[in-house]
Amino acid sequence: MLSLLSRQGLSVHLRAPALARTVAAVPHRQAQVADVGKALDTTTRGIPLFFKSKDATQSTTPAPMVRPVATALSQDRDEFWREVPIWDNVSAKDFLSYRWGVANTVQGTAKLFKFLQAVVPEEVPLGELGTQMQSRDEFIADVMEGVAAATMAIRMTPYILSRVNWKNPRQDPIIRQFLPLKSVLMPDHPKLTLDSLHEEADSPVKGLVHRYDDKALFLPTSVCPTYCMFCTRSYAVGADTDTVTKASLKPTRRRWEEAFAYIESTPALQDIVVSGGDSYYLQPDQLRMIGERLISMPNIKRFRFASKGLAVAPTRVLDESDGWVNALIDISNKAKKAGKAVAWHTHFNHPNEISWISRDASQKLFEEGVMVRNQTVLLRGVNDDVETMSKLIRDLADNKVFPYYVYQCDMVERVEHLRTPLQTILDLEARIRGSIAGFMMPQFVVDLPGGGGKRLACSYESYDPKTGLSTYRAPAVTGRDKENKVYEYYDPIDTLPKDRTV
């Protein structure tokens, strides 16, 4: 790989200062957060429960006592959410309440329009240099037109909305991930599809993807606390949009039982990823039931709960009145006693997503012995430079969140503006490797279009930056006539040399 880089040159660019917001620059208002859980309503009234598990409701095993967060935490607890005009009077007790967060989540176009009118200044910078300005109405119109063209519905938590620099939203790396601007969307590459990984084709039962011999992906729900524009599961996740009718995965007991029956009847399966949607959207009883069921299966040696919650709604981990984290800790401890491994796989993409709240939440999970790993997606204009990606990896490592994967952005529809050429991920790994301990260095991978699974980005069989075509093989993935198959990944059209056409 290094010889390739020396021939072609390093294409990584340092652009982070233009995009990144320095969170420390926000005026501090110290949060008083001691004993927050004691002050919160401990009932579950108003929170929908899709169904109650017989196993969970009949269980006599008490939930474990969750210890207070240790004193090893940052004392810099600024009330950053008060910089959002509509939340300038929200107390730390309310903001740290998961129930308050659910009630104030911005979901759907009507709520989004109202929110933007309240928080966007009269004028915002149009470009990175800030020499041209755009009116509030023009910016909001750009967003709403983008939403109409997007494949994903809108849902954003108060936490992630409060991490945005609303004085310069067009250049903000969080906005770029979750709010589509029509003016920055690009025509799709002709090879982009809704289900680029062919998950539905690799599903023996609905909501269970079995691609690798010993591992399967269980999708109990198709709802998330926050929807990413670049979602690889845009064919199923979230509400229908103007452009996509979703293959929804409703959390029904019958569908779950079909998935469990398949897992139990397939001895080769040893490893299950519980995702969605997002496992954060499971109720505590549901999370506990799924965990206990997997622990009880002799063939299952390890499983992970996949959730972006730690990045977009970390308050739930600190809110003991909710019960979700208690269920996770309980399952983690039960699995260890059964000789099985459990982990939480989360999803941070930019350092600005990390605050003292996520640090406190990570410390709590660390103290309770819950393994947390992170999977990042490489996104143009968000984290595709050495400075930003390096800081993200180190910040995660410093917070006991193990950087696991950095993914090349999948070839899904309506994300051409977020995809990078393969050369970018190759250069990033070459520049970052060696700057941090090896066990904290993520693997830089491509999840192969067509269902080939994850391969190291540098393991390509061929790559021609002039045509943008890279090819891979996946010898271990042989199901569904995949043996000896050659998988192709295509660079974004606008990054190709101008004399080339697709």
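Could you compute the net charge surrounding L112? Neighbours are other residues with a C-beta less than 13 Å from the C-beta of L112; K and R count +1, D and E count -1.
On the way: positive: K111, K114, R155; negative: D142, E145.
It works out to a net charge of +1.
Name the shape class, rounded, prolate or oblate, that the alpha-carbon gyration tensor gives for region 358-408, where a ≥ b ≥ c are the square roots of its eigenvalues, rounded holds for a/c under 1.5, and otherwise prolate holds if a/b is larger than b/c and oblate otherwise. Verdict is prolate for region 358-408. Our summary of shape: the Cα atoms of region 343-498 have principal axis extents of 46, 38, 32 Å, ordered from largest down, in whole angstrom.
Which number comes out as Rg/Rh for region 375-451 once both Rg and the Kirkwood Rh are worked out on C-alpha atoms?
On the way: Rg = 12.4 Å, Rh = 12.8 Å.
Taking Rg over the Kirkwood Rh, I get 0.97.
Working from label points 7 Å from Cα in the Cα-to-Cβ sense, the D76 to M371 distance is 3.2 nm. Share of carbon and sulfur in the accessible area of region 170-272 stands at 53%, probe radius 1.4 Å.
How large a share of the accessible area of region 420-476, in percent, is made up of carbon and sulfur atoms when the probe is 1.4 Å and the other protein chains stay in place? Whole-percent figure for carbon plus sulfur exposure: 53.
Could you provide, to the nearest whole Å², the per residue accessible area of region 439-502 with probe 1.4 Å? Kindly include the intermediate steps, with their values, before the conclusion.
On the way: 3280 Å² over 64 residues.
With the other protein chains kept in place, region 439-502 gives 51 Å² per residue.
Charge tally for P187 (other residues, Cβ to Cβ under 14 Å; Lys, Arg +1; Asp, Glu -1): 0.
Once the chain from A338 to Q443 is taken as fully extended at 0.36 nm per residue, the excess over their C-alpha distance is 34.9 nm. Positive end of the dipole of region 110-269 (Cβ unit charges, origin at the Cα centre): among G146, P180, S248, the Cα lying farthest that way belongs to S248. For a paramagnetic label modelled on R253 (point 7 Å from Cα along Cα→Cβ), amide N atoms under 18 Å away belong, within region 276-291, to 282-291. Taking a label point 7 Å from the Cα of D494 along the Cα→Cβ vector, which residues of region 221-261 have an amide N closer than 16 Å to it? Residues 230 qualify, since their backbone N sits under 16 Å from the label point. Of all aspartates and glutamates in the structure, the ones whose alpha carbon falls short of 19 Å from that of K466, not counting any fewer than 8 places away in one chain, are D188, E416, D427, E488, D491, D494, D499. Ligands, DNA and RNA are left out, and with a 1.4 angstrom probe the accessible area of region 129-220 is 37 Å² per residue. Pairs over the 24 Å Cα-Cα cut-off, from the set K191/K454; K191/K246; K215/K337; K206/K364; K301/K337; K93/K308: K206/K364. Couplings 3J(HN,Hα) of region 204-209, computed from phi: x, 9, 4, x, 9, 9 Hz, in residue order, whole Hz [Karplus 6.51 cos²θ - 1.76 cosθ + 1.60, θ = phi - 60°; x for Gly and Pro]. Which FRET efficiency value, to the nearest 0.05, do you get for A268 and A148 by plugging their Cβ-Cβ distance into 1/(1 + (r/R0)^6) with R0 = 51 Å? Using R0 = 51 Å, I get an efficiency of 0.70.
Remark: region 311-419 carries 24 Å² of accessible area per residue (probe radius 1.4 Å; ligands, DNA and RNA excluded).
Site pair R433 and A201 shows an inter-label distance of 3.1 nm when each label is modelled 7 Å from Cα along Cα→Cβ.
The values are calculated or read from the model by the stated rules, or taken from the named source; none is laboratory data. Predicted, not measured: the structure shown is a model, and the values here were computed from it. Neighbour counts are summed over all protein chains in view; Cβ atoms, including those assigned to glycine, are modelled from backbone coordinates with ideal geometry. To get the accessible areas, we keep the full protein, side chains included, count just its heavy atoms, and leave off ligands, DNA and RNA. Shrake-Rupley method; radii C 1.70, N 1.55, O 1.52, S 1.80 Å.
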